[in-house]
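Peer 1: Got a structure for you, written out below as structure tokens; questions coming shortly.
Just so it is clear, none of the values below were taken in a lab; they were calculated from the coordinates. Bear in mind that the values here come from a model prediction, so they are computed numbers and not experimental data. Positions of Cβ are generated from backbone atoms using ideal geometry, with glycine treated the same way; all protein chains shown enter the neighbour counts.
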Amino acid sequence: MTLTTGWILLVAAGLLEVAWAVGLKWTGGFSRPGPTIVVLIAMVASFALLALSTRAIPVAIAYAAWVGIGIVGTWAVTSLLLREPITALQVVCVALVLSGVIGLKLTSPSPGHTPMSASATASASRPDTDLSDPPPQRSAESGG
């Protein structure tokens, strides 16, 4: 999977998160079957697309971006379509979340990029000390 495809799936997952989060309003606490089924389908689809996106995007970045898309999208939909109140501080905070998501997208690794080379990974797995030897005991004279 390409990085672009991963981000397309991730944005779709985020939009489905917005759909189920906003849809919760109509489920009546999951007491209304129709809206509840729609919300549950959107939840499963959102999680599935998030999981698929992690084939191309590191999990930490994908999850943070997914949550950010959900936060910004849910806030926008409920504020604009459902007429929930908007404050200046909310706008600033949502702009910060949005800038974080954009920053994650811009700094996500390029295709073929690995955080550590194979030789660095192999050397990192070798301890510098022999773990079979117990740590040295402190003597009473050294203050320990």
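Peer 1: Using 1/(1 + (r/R0)^6) with R0 = 22 angstrom and r between the beta carbons of Thr2 and Ile41, what's the FRET efficiency to the nearest 0.05?
Peer 2: Calculated value: 0.20.
Peer 1: Which shape class applies to segment 44-104: rounded if a/c is under 1.5, otherwise prolate when a/b exceeds b/c and oblate if not, where a ≥ b ≥ c are the square roots of the Cα gyration tensor eigenvalues?
Peer 2: Here segment 44-104 falls in the oblate category.
Peer 1: What are the ³J(HN,Hα) values, in whole Hz, obtained from phi via the Karplus relation 6.51 cos²θ - 1.76 cosθ + 1.60 with θ = phi - 60°, for each residue of segment 52-59 in sequence order, with x given for Gly and Pro?
Peer 2: Result, rounded to whole Hz: 5, 5, 6, 5, 10, 10, x, 3.
Peer 1: Hey, another quick one. Under a 5 Å amide H to amide H cut-off, with H placed in plane at 1.01 Å, what residues pair with Ile86 once short-range neighbours are removed?
Peer 2: Placed amide hydrogens put nothing under 5 Å from Ile86.
Peer 1: Turning to a different aspect of this structure: Only counting other Cβ atoms within 10 Å, I'd like Leu3, Leu49, Leu81 sorted with the fewest neighbours first.
Peer 2: Placing the least packed residue first, the sequence is Leu81, Leu3, Leu49.
Peer 1: Checking the a/c ratio against 1.5 first, then a/b against b/c, what shape does the Cα gyration tensor give for segment 1-104?
Peer 2: Oblate is the answer for segment 1-104, as a/c is 1.5 or above yet b/c matches or exceeds a/b.
Peer 1: Please arrange Lys105, Lys25 by counting, for each residue, the other beta carbons lying within 10 Å of its beta carbon, fewest first.
Peer 2: Lys25, Lys105
Peer 1: Residue by residue, what Karplus-based ³J(HN,Hα) values in Hz, rounded to whole numbers, does segment 88-101 have, using 6.51, -1.76 and 1.60 with θ = phi - 60° and x for Gly and Pro?
Peer 2: 4, 5, 4, 4, 4, 5, 5, 4, 5, 4, 4, 5, x, 5
Peer 1: Another question about this same structure. Report the full-extension gain for the segment Thr87 to Phe30: residue separation times 0.36 nm, less the Cα-Cα distance, to one decimal in nm.
Peer 2: 17.5 nm
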